[in-house]
1. Step by step: first the residues of region 49-70, then only those that are charged (D, E, K, R) and in a strand (DSSP E or B), then the one that is nearest to the chain's Cα centre (by Cα). Which residue is that?
2. Residue 2 fails exactly one of the following numbered conditions: (1) crowded, with 18+ Cβ neighbours inside 10 Å; (2) in a strand (DSSP E or B). What is the number of that condition?
3. Tell me, yes or no, whether region 12-35 has at least one residue that is assigned to a helix (DSSP H, G or I), free of Cβ contacts under 8 Å to residues at least 40 places away in the same chain and not aliphatic (A, V, I, L, M).
4. Specify which of the listed residues (54, 66) is surrounded by 13 or more Cβ atoms within 10 Å (Cβ to Cβ), at pLDDT 90 or above and charged (D, E, K, R).
5. Would you be able to say whether some residue in region 36-48 is over 10 Å from the mean Cα position of the chain (by Cα), modelled with pLDDT under 90 and of a type outside the set (A, V, I, L, M, F, W, C)?
6. Name every residue in region 12-44 that is buried (at least 19 other Cβ atoms within 10 Å of the Cβ) and either among the basic types (Lys, Arg) or touching a His at 6+ places or on another chain (Cβ under 6 Å) (or both), in order of residue number.
Amino acid sequence: MYSPENLLEQARTTELEQGYHHLRFYVDDNGQLSKYSTQHIGAFYYSPSGGTLRDADMNIVLYSARFDKFKGIGKVE
């Protein structure tokens with residue numbers, strides 16, 4: 001399920017490939033991130049440099065400086 005904590009946990013446990021971590025989250029019938037368990041799981045791409053989460057079509061779904069690996073809560077200590 002999508003939550004800021006789950007995003008960061010998946011990013012910690014996946015390899016960085018071509019600048020993105022490949023993440024998976026539950027999505028609703030429209031392919032939007034869901035905070036609840038659904039029947040569908042979508043592929044997403046997280047860029048730790050800049051804090052963006054993109055969908056399978058590379059559209060920006062979420063942007064937050066908090067998720068930037070070099071700033072905010074995603075910062076590497």
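1. 54
2. Only one criterion in (1) crowded, with 18+ Cβ neighbours inside 10 Å; (2) in a strand (DSSP E or B) is unmet by residue 2, namely (2).
3. yes
4. Values: 66 fails: at pLDDT 90 or above.
Matching residue, one of 54, 66: 54.
5. no
6. Scanning region 12-44 gives a single hit, 27.
The values are calculated or read from the model by the stated rules, or taken from the named source; none is laboratory data. Predicted, not measured: the structure shown is a model, and the values here were computed from it. Because the Cβ atoms are built from the backbone with ideal geometry, glycine has one as well, and the counts that use them run over all protein chains shown.
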